[in-house]
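A quick write-up on the structure given underneath.
The values are calculated or read from the model by the stated rules, or taken from the named source; none is laboratory data. Small disclaimer: the values here were computed from a predicted structure and weren't measured. All Cβ positions, glycine included, derive from the backbone under ideal geometry; neighbour counts span all protein chains shown. Keep in mind that these areas ignore ligands, DNA and RNA; they rest on the heavy atoms of the full protein, side chains included. Shrake-Rupley method; radii C 1.70, N 1.55, O 1.52, S 1.80 Å.
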Amino acid sequence: MTPDDLICVLADVRRLRAGFASTVRQPWTATTAAAEMAVQLGHLALCLLRQRGTDTTDLDDPHRPITNIGDELADVLLAVLSVPMLADLEPADLPATRPAGSADEVGQLLSLLIAVGQLAEAAMIQDGYRHLPTGTPPSIQTASAAAATAASTLADSQKLDLVAEFRAMAVDAESFLRSRDSS
């Protein structure tokens, strides 16, 4: 994902967050978006397990098929970028080069989990749900950029265009929101 891609995606995030605000009983915060990241990471993990040949029968919901890795990565990215937006912040600039990391899918997923955990911690600190730990945990801005980069790296390894997947997810989400408005 390039810096220009990020600008376009952030515009979609703002529009989607505004649209989804009418679908919930409580207003979302950065911490709520961090909790949503956990939901979406679970969906992504389910897809990756299935791709690896694992029997997911006990984890599947036949009334809610979760089968598209690209869509789930796009949902993760929406949650990752919702955290800073809901904290009235912008993510830091994406790194010009990707950090060195594991070349395999498991290592990339673990890197994404670490970045998302750091982002969740930063959101919880910001919203007053967690104490400020010793050391120097990353800010929401830095952690969100790292998580977006990790999601993009995993998408690349899956031979997916994360921006295209995000745009497709946004179109589906906007269609869902329009259908709610017309009912």
Review point. Who wins for biggest fluctuation among H131, H43, H63 in a Gaussian network model of the chain, springs between alpha carbons below 10 Å?
Key: H63
Check your understanding: From the list (i) 22; (ii) 25; (iii) 34, can you say which value of percent of Cα pairs over 27 Å apart was derived from the structure given?
Key -> (ii)
Practice item. Could you tell me which of T56, A151, A35 has its Cα farthest along the dipole of segment 3-178 towards the positive end, charges placed at Cβ (Lys, Arg +1; Asp, Glu -1), taken about the Cα centre? Key: A35
**Study point:** For the chain, size of Cβ-based charge dipole, Lys and Arg +1, Asp and Glu -1, in debye
**Key:** 300
Check your understanding: At a Förster distance of 22 Å, what's the computed FRET efficiency of L10 paired with T136, Cβ-Cβ distance as r, to 0.05?
Key -> 0.30
Study note, to complete from the structure: Amide H contacts under 5 Å for A92, restricted to residues at least 5 apart in sequence or on another chain and with H modeled in the peptide plane, are T142, S144, A145
**Study point:** Area accessible to solvent at I7, 1.4 Å probe radius, in Å²
**Key:** 110
